[in-house]
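Working notes, beginning with the structure itself.
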Amino acid sequence: MGSPGPGLLSLVPFVSVDHMMRIVWDIGPERMIVELAAYIEEDFRRWELFDKTPRIAAHSAEGVIELMPTSDGATYGFKYVNGHPRNAAAGRQTVTAFGVLSHVDSGYPMLISEMTVLTALRTAATSALAARVLAPPGAKTMAIIGNGAQCEFQAIAFKALAGIEAVRLHDIDPKATAKAAANLAGSGLAVVSCRSSEEAILGADIVTTCTADKRFATILTDNMIGAGVHLNAIGGDSPGKTELHRDILLRSEIFVEYAPQTRIEGEIQQLDPSHPVTELWRVLTGLAPGRRDRAQITLFDGVGFAIEDFSALRYIRDQIGRTGEYVNLDLLADPDDPRDLFGMLLRHRPG
C-alpha cells in the first residue's frame, strides 16, 4: 500500500525559471514591465503601511548574500539575492534570486518564485517609473554604461514607460556591448555602440550606470555631466561600491527608495549622513516635487528595495491562475491532526 499523498495544505505554488520566461512571453516584456511598474507605484503610494528595514547582508571578499523582507500587515514577502561579480568568469550569473509571499495571519506561504529574471524586470520598471517624474521633458536618448545582464531590460523599460527612442551603449568589454546591441535589434530602439563612456553620453538626456564591480569606482566624472541630465545609478548597490564621482552628487537633486538603506549601499554612502535626499514615494504621492526645471540634474540612486520585490511577487501571484505557469510543491507538513506530526511520519513508514 502506498503512502498517503500530500494534503491540500501541503501545496505551495512554485514559479520556476521556465515558468517565468513563459509568463514574460505570454504577456510580452514591455507590457509586463509597464504592469510591474503599476504594481510598484501602487505599493509606493501606500508606503507607510509597510514594515521597512535595510536588507540583511552577509558580505565576503567574493560578494554578498542578502535577505530583503517586508510586510503590509496582511502579506509578508522576502527575497533571497546574491551579488558576486566574479561569477561571470565561471559562467555563472552575478545576481541570482528567489522570493516568497506568505499569509501573515497563518504564516503559510502562498507563492515561491524564481526572482533572477523577475528582479531584472522589476529593477528596470522601478528605474523607468522614477524617470517618468525625474527626467527632463521630452527626453528621447539614453546612455547605458555597463552592458551586462540588466542593460536590455533597462532599455526596453525606458522605451515603454519614459518615451526613450535611442540608446547609446558602452561597456569596458566590447563583447558585452555587442551582445546588448544584438539583443535590442528589433526592439524599436535606435541603438548606437560607443567606444567610451564619454562618447556614449553625448546628446543623452538620461544616463544609466549599471556596472558590476564590487568596489568604489568612478564610471562618470564630474566634467562629464552637464545641466539638465537625469542620472539613473543602479550599480552602486552595496557598501564600498559606487559609480559616480562625489562632485556629481553635490550638484544633483538626489532621489532614493529608502534612505536608511541607500545611505549604506548607494552612491550617497560617499556623502555626509545628513545630506538631503528625497524618497521616491513622496514624489509619487505628491508630497515632494520631482524635477523642478529643465536645467536641474536629477539622480535616482536606485539600490533596490524590498517593497519592489513584494510588488513583483504580488504581480506574479496574480498571473499564475490565468497563465497556469506554475507547479505545486509538496512543501508543508499537513498531518490529519495538527498536533500529531509524528503520527504522519509513522503513516509514511516503508512496508
Next item on the list: Might you let me know whether segment 84-101 holds any residue that is surrounded by fewer than 13 Cβ atoms within 10 Å (Cβ to Cβ), at pLDDT 95 or above, polar (S, T, N, Q) and not assigned by TED's automatic domain parsing to the domain that holds Ile164?
Entry: no
Next item on the list: Name the one entry in Leu271, Leu250, Leu280 that is under 19 Å from the mean Cα position of the chain (by Cα) and at pLDDT 95 or above.
Entry: Leu280
Margin query: Quick check on Phe255: is it in contact with a His (Cβ under 9 Å, 6 or more places away or on another chain) and either in a loop (DSSP other than H, G, I, E, B) or under 26 Å from Thr211 (Cβ atoms) (or both)?
Written below: no
Check: Among the residues of segment 301-318, is any in a loop (DSSP other than H, G, I, E, B), assigned by TED's automatic domain parsing to the domain that holds Gly146 and farther than 30 Å from Ser16 by Cβ?
Finding: no
Check: over 22 Å from the mean Cα position of the chain (by Cα), part of a helix (DSSP H, G or I), under 28 Å from Gly28 (Cβ atoms) and not β-branched (Val, Ile, Thr) - does that describe any residue in segment 213-223?
Finding: no
Notebook entry, point to check: Which condition breaks for Lys214 when tested against (1) out of contact with any strand residue (DSSP E or B) (no Cβ under 7 Å at 6 or more places or on another chain); (2) at pLDDT below 95?
Noted result: (1)
Notebook entry, point to check: Quick one: in segment 169-210, which of the residues that are among the acidic types (Asp, Glu) and crowded, with 18+ Cβ neighbours inside 10 Å is farthest from Ala135 (Cα to Cα)?
Noted result: Asp171
Check: Would it be correct to say that Asp105 is more than 16 Å from the chain's Cα centre (by Cα), among the acidic types (Asp, Glu) and not assigned by TED's automatic domain parsing to the domain that holds Leu231?
Finding: yes
Notebook entry, point to check: Can you name the number of the only condition in (1) of a type outside the set (Lys, Arg); (2) over 25 Å from Gly138 (Cβ atoms); (3) in contact (Cβ under 8 Å) with a residue 60 or more places away in the chain that Gly302 fails?
Noted result: (2)
Check: Is at least one residue of segment 149-160 in a strand (DSSP E or B) and surrounded by fewer than 23 Cβ atoms within 10 Å (Cβ to Cβ)?
Finding: no
Next item on the list: Could you tell me which numbered condition Gly351 fails, if it satisfies all but one of (1) over 26 Å from the mean Cα position of the chain (by Cα); (2) assigned to a helix (DSSP H, G or I); (3) not hydroxyl-bearing (Ser, Thr, Tyr)?
Entry: (2)
Item checked: Test for Ile248: is it assigned to a helix (DSSP H, G or I), in contact with a helix residue (DSSP H, G or I) (Cβ under 6 Å, 6 or more places away or on another chain) and not assigned by TED's automatic domain parsing to the domain that holds Leu49 -> yes
Notebook entry, point to check: If you take the residues in segment 292-326 that are farther than 23 Å from Thr209 by Cα and among the aromatic types (Phe, Trp, Tyr), which one is surrounded by the most Cβ atoms within 10 Å (Cβ to Cβ)?
Noted result: Phe310
Margin query: From the list Ile201, Ile172, exactly one residue is among the β-branched types (Val, Ile, Thr), modelled with pLDDT under 95 and within 24 Å of Gly266 (Cβ to Cβ). Which is it?
Written below: Ile172
Check: Residue check: is Thr209 outside the structural domain of Asp247 (by TED's automatic domain parsing) and either closer than 30 Å to Ser60 by Cβ or of a type in the set (Gly, Ala, Ser) (or both)?
Finding: no
Check: Any chance segment 266-281 includes a residue that's under 30 Å from Ile307 (Cα atoms), touching a residue at least 60 places away in the same chain (Cβ under 8 Å) and part of a helix (DSSP H, G or I)?
Finding: yes
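The values are calculated or read from the model by the stated rules, or taken from the named source; none is laboratory data. Treat the numbers as computed from the prediction; the structure is a model and nothing was measured. Reconstructed Cβ throughout: ideal geometry from the backbone, glycine too, with neighbour counts over all protein chains shown.
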